[in-house]
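S.K.: Have a look at this one before I ask anything.
The values are calculated or read from the model by the stated rules, or taken from the named source; none is laboratory data. If you're wondering where the values come from, they're calculated on a predicted model, not measured in any experiment. All Cβ positions, even for glycine, are placed from backbone atoms using ideal geometry, and neighbour counts span all protein chains on display. Ligands, DNA and RNA are excluded from the accessible area calculation, which covers all protein heavy atoms including side chains. Shrake-Rupley method; radii C 1.70, N 1.55, O 1.52, S 1.80 Å.
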Amino acid sequence: MEMLSKIRRTYKHAKEIIRDNWVHSGEYAHTGMIKKARLPLFLDMLYAEITAGSDYGNYYIFDYEHKSQKERKEWITNHFNAHISYSHSGKKTWDLFLDKGKFNARFKDFVHRGWLDTREASLEEVKRFISKYDRVIIKPFDLSKGDGIFILQTDNKKGVEQLTGQIGRGHHCLIEEVMENVPELKALNPTSLNTIRIVTCVSSKGEIRFLCTVIRMGCTDGCTDNSYGGGITSYINPETGKISGEAKDRRRNSLAVHPRTGIHLLGYQIPQWQEVMEFARQAARVVPEAKYVGWDIAVTTKGLELIEGNIPPGEGIIQVCDGIPKRRLLVEYLK
């Protein structure tokens, strides 16, 4: 029975891979995102997933259509990223970082904003918590990549009633106080909390190294800054704290100027940079089993704030901003 279940899972996974690559090869070919006929593109995407561990998204953002097989294997790809993340954390740690409420509780010394896990609260406690603030941000537990996140004006009685109704029906969420960037970072995109992603690697000797330092900026009037929500990302020089590369979006566009606010990005100084780096270093020591984490940190009007930790960190954000493949470097840092 166990062998049969394994065969079924493998078959199901193979069908999903074929389907996803077929669907997205059509999108890439028909929209001109990749200048290649659909069938040969599909076959090459499938080959890359089998041999290099990429997925359809990696194929596009890493420009695999112009790379040799040897070059493709230099990149941290989706399947490789998941494997090395799990092997350097384990299920218990992986689950801790996936659960927004448990994460906030464990990292309470780095999370200063007010927050409430609705799984651990009555509806009356939810209402009392919401009433303490003018605005709260709602983060559903069953979604990721910024999906479903929204800001609720607490004087919106209908909105509050809808939220508590959903919670009462078992659709739980994390409710948090809305934080605000310091003016220098708020200027980049005023409606979103623009965060810094720092990826730390902890070696077997306990040495902490930084694999990636980038800033994520919103590009819409929404409240999220990630690329799935239309945001852009720029590389930060870890020595100076200055933006040192053009921003990238999910369409592989390079942007020297923020498209919404018109701010010139190259050379833009991130405030409190050394404090931010030390903040990430200290966060990386809290859970010794978490060897490879992407920390989202906000520089707010109330101080440094840990928004979340990501296991695995997105392989795209790690490499696209500076255009440097980092598979070998990641393996070296984790030795």
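S.K.: Name the single residue that is nearest to Gly53 (Cα to Cα) among those in region 7-31 being over 28 Å from the mean Cα position of the chain (by Cα) and open to solvent by 100 Å² or more (accessible area, probe 1.4 Å).
M.R.: The extreme case among them is Tyr11.
S.K.: Between a first residue in region 304-321 that is closer than 15 Å to Tyr235 by Cβ and a second residue that is in a strand (DSSP E or B) and open to solvent by 30 Å² or more (accessible area, probe 1.4 Å), which pairs have beta carbons less than 7 Å apart while being 6 or more apart in sequence or on different chains?
M.R.: Partner pairs satisfying both residue conditions: Val320/Lys248; Cys321/Tyr235; Cys321/Lys248.
S.K.: If you go through region 181-199 one residue at a time, how many are in a strand (DSSP E or B), polar (S, T, N, Q) and surrounded by 24 or more Cβ atoms within 10 Å (Cβ to Cβ)? If you could, list the steps in order and put the result at the bottom.
M.R.: At the first step, the residues of region 181-199 found to be in a strand (DSSP E or B) are 181, 195-199.
Those still in the list that are polar (S, T, N, Q) too: 181, 195.
Those left that are additionally surrounded by 24 or more Cβ atoms within 10 Å (Cβ to Cβ): 195.
Residues that pass the stated criteria total 1.
For every residue, the table says whether it meets (1) open to solvent by less than 30 Å² (accessible area, probe 1.4 Å); (2) in contact with a strand residue (DSSP E or B) (Cβ under 9 Å, 6 or more places away or on another chain).
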residue: Gly218; (1), (2): yes, yes
residue: Asp225; (1), (2): yes, yes
residue: Gly230; (1), (2): no, no
residue: Gln274; (1), (2): no, no
residue: Arg281; (1), (2): no, yes
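S.K.: Give the number of residues within region 292-307 that are open to solvent by 60 Å² or more (accessible area, probe 1.4 Å) and either of a type outside the set (Ser, Thr, Tyr) or within 17 Å of the chain's Cα centre (by Cα) (or both).
M.R.: Of the residues in region 292-307, 1 are open to solvent by 60 Å² or more (accessible area, probe 1.4 Å) and either of a type outside the set (Ser, Thr, Tyr) or within 17 Å of the chain's Cα centre (by Cα) (or both).
S.K.: Would you confirm, using the coordinates I've provided, whether Tyr28 is in contact (Cβ under 8 Å) with a residue 40 or more places away in the chain and either closer than 29 Å to Leu329 by Cα or of a type in the set (Phe, Trp, Tyr) (or both)?
M.R.: no
S.K.: Now for a separate question. Restricting attention to region 49-60, and to residues there that are in a helix (DSSP H, G or I) and of a type outside the set (A, V, I, L, M, F, W, C), which single residue is farthest from the chain's Cα centre (by Cα)?
M.R.: Thr51
S.K.: Continuing with the same structure: Output the number of the condition that Pro312 fails; it satisfies all remaining conditions of (1) buried (at least 19 other Cβ atoms within 10 Å of the Cβ); (2) on the phi > 0 side of the Ramachandran plot.
M.R.: Condition not satisfied by Pro312: (2).
S.K.: Return only the number of the condition from (1) without any contact (Cβ under 8 Å) to a residue 24 or more places away in the chain; (2) hydrophobic (A, V, I, L, M, F, W, C); (3) open to solvent by less than 40 Å² (accessible area, probe 1.4 Å) that Ile243 does not satisfy.
M.R.: Exception for Ile243: condition (1).
S.K.: Look through Leu46, Leu4, Leu41 and report the one residue that is without any contact (Cβ under 8 Å) to a residue 40 or more places away in the chain, part of a helix (DSSP H, G or I) and open to solvent by less than 30 Å² (accessible area, probe 1.4 Å). It would help to see each step written out before you state the result.
M.R.: Working: Leu46 fails: open to solvent by less than 30 Å² (accessible area, probe 1.4 Å); Leu4 fails: open to solvent by less than 30 Å² (accessible area, probe 1.4 Å).
The conditions single out Leu41.
S.K.: Kindly evaluate Arg328 against the criterion of being at pLDDT below 95, over 26 Å from Gly101 (Cα atoms) and not small (Gly, Ala, Ser).
M.R.: Numbers: at pLDDT below 95: no; over 26 Å from Gly101 (Cα atoms): yes; not small (Gly, Ala, Ser): yes.
Considered against the rule, which asks whether it is at pLDDT below 95, over 26 Å from Gly101 (Cα atoms) and not small (Gly, Ala, Ser), Arg328 comes out as no.
S.K.: Could you say whether any residue in region 256-263 is open to solvent by 10 Å² or more (accessible area, probe 1.4 Å), in contact (Cβ under 8 Å) with a residue 40 or more places away in the chain and under 19 Å from the mean Cα position of the chain (by Cα)?
M.R.: Among the residues of region 256-263, not one is open to solvent by 10 Å² or more (accessible area, probe 1.4 Å), in contact (Cβ under 8 Å) with a residue 40 or more places away in the chain and under 19 Å from the mean Cα position of the chain (by Cα), which makes the answer no.
S.K.: Answer yes or no as to whether Tyr228 is modelled with pLDDT of 95 or more and aromatic (Phe, Trp, Tyr).
M.R.: no
S.K.: While we're looking at this one, here's another question. Can you name the strands (runs of 3 or more DSSP E) wholly within region 75-172 that have at least 2 residues being surrounded by 14 or more Cβ atoms within 10 Å (Cβ to Cβ) and either at positive phi or among the acidic types (Asp, Glu) (or both)?
M.R.: none
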